[in-house]
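Rule-based calculations on the coordinates, nothing more; no lab input. The structure displayed is predicted, hence computed values, not measured ones. In this analysis, Cβ positions are derived from the backbone assuming ideal geometry, glycine residues included, and neighbour counts consider all displayed protein chains.
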Amino acid sequence: MAFEALGDDDGIELILSQIVVENGTPDWANKAAIQLQTLRYPWIEIKDEALKSLENFTAAIATIYGLILKALTTSPEEASVAREYYRTAYLETQRFTQPALGWLRLELQTLAGFSLLQMGETGLALQRIPSMDDIAKLPPAKRAFALCVLIEILERSLPDGAESLTDALRRAAECFADFDERILNQVVARLQLLTPVALALLGRFPGVPDAVIQASDQIIINLNARPITVYGTAGMRPIQAVKYILQAFNIDTDFLGRSGGGQLQALRQVLFRQYHHQESWYRPVTAAQVNFAMLCCRDAVQDNRTRLLLQRAIKDLHVQNGYVPKLQKLEQPEELNLIQITLEKFEKSLITARAASLSLFGQGGVL
């Protein structure tokens, strides 16, 4: 089985349908590995036994994706459980990265960076992720995934590294433009689940295909819709949107309380979504988070045309989706007002990226 071809996500269902075998055979093990690597099927314990018969690197990558799959099916209220799955996935990458060669090594490094990012270890993730030049050596869809992981790491480091983020966005846009439409749609659907922040940013960047823009529009919470909409589904409660907005800027949300049964059920209806044969929790992204990143990129680019296109995309997203919701039953948290004012001033170039960052992330810096 040519596992390197799986990165293109082409004909996966056809491949799986043609592997009709009994338990315990090599093809049975290969089928289990494909199901895990593509995140298309639920994890079942029998796959643990199947992977034992496979070559080490194939089994390792399938196991890592299996752990990621478990994390993706974990409720947002059980973040510590998901973090433990990602920690185990990271440790698995470290067992095999050193002896791996070629693109297998690069893929393991990418998965290490991805797992660390989900654990909140941004600095270490940046150390583990391959360089952009090395990422260029990967097969196309694996390259798209690696670039999106890098974009999400760099986004968490802003305003530092805005030039690197802009370069990564440009390379990702070029990568997506090279896919034919059918494969592009499959790759984008997978990345909506794995790297929604990166896709949300790419949807505002010049030169990306329409499929990326459409996926980006779905990912970003539309606060101006009634009721609030995300992933094409109406029903996110304003208080839930507030949590995502504040969390994007590392602002404590304990004062909002935990999501009770009714809130969690409403969130489940919006974010617990089908991906092929598996249901997973999708992550929404806020317009405030996207525009802070894109404003940092706007100020980092030298090309006037790119700068103007970014400014237009930023303004359109602000108008269409809004930065903060209006709460009817609770007093508007002052943190929301600060986010609104800061981003509007940054949008008008009245403050620098550094000043905006200090205001948003630095205990309410002075504007």
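Antiparallel DSSP bridges in the chain: what percent, to the nearest 5? Once the DSSP bridges in the chain are tallied, antiparallel ones form about 90 percent.
Tell me, in nm to one decimal, what length is gained between Asp303 and Arg95 on full extension, where the rule is 0.36 nm per residue of separation less the Cα-Cα distance?
Working: separation 208, 0.36 × 208 = 74.88 nm, distance 4.35 nm.
This chain segment gains 70.5 nm when fully extended.
Remark: C-alpha extents of the chain on the principal axes read 64, 49, 35 Å, sorted largest to smallest.
Translational diffusion of the stretch 193-276, estimated by Stokes-Einstein from the Kirkwood radius over alpha carbon pairs at 37 °C in a medium of 0.692 mPa s, is 235 µm² per second.
Of all complete DSSP H helices in the chain, those with a Cα span along the helix axis of 18 Å or greater and a mean Kyte-Doolittle hydropathy of -1.0 or more are 56-72, 79-96, 102-118, 140-155, 162-177, 181-194, 287-300, 304-321, 334-347. Estimated from helices alone, the mean residue ellipticity of the chain at 222 nm is -19500 deg cm²/dmol (sum of -39500 (n - 2.57) over DSSP H runs with n ≥ 4, per residue). For the chain, the tally of Lys pairs with Cα-Cα distances below 17 Å comes to 7, considering only residues 8 or more apart or on different chains. Each listed q (0.08, 0.10, 0.16 Å⁻¹) maps to a log10 I(q)/I(0) for the stretch 153-296, found by the Debye formula over equal Cα scatterers with no solvent: -0.23, -0.36, -0.90. Take 272-281, 217-226 and order them by the average number of nearby Cβ atoms within 10 Å per residue, most first; the result is 217-226, 272-281. Within the stretch 190-319, antiparallel bridges make up roughly 90 percent of the DSSP beta bridges whose residues both belong there.
Here the stretch 277-367 has an Rg and Dmax of 15.0, 50 Å, counting Cα atoms alone. For the stretch 266-322, treating each Cα as an identical point scatterer without solvent, what Debye log10 I(q)/I(0) comes out at q = 0.21, 0.24, 0.28, 0.30 1/Å? Log10 I(q)/I(0), no solvent term: -0.78, -0.87, -1.04, -1.12. For the pair Glu163 and Phe272 in one chain, pulling the backbone fully straight at 0.36 nm per residue adds 35.8 nm over the alpha carbon distance.
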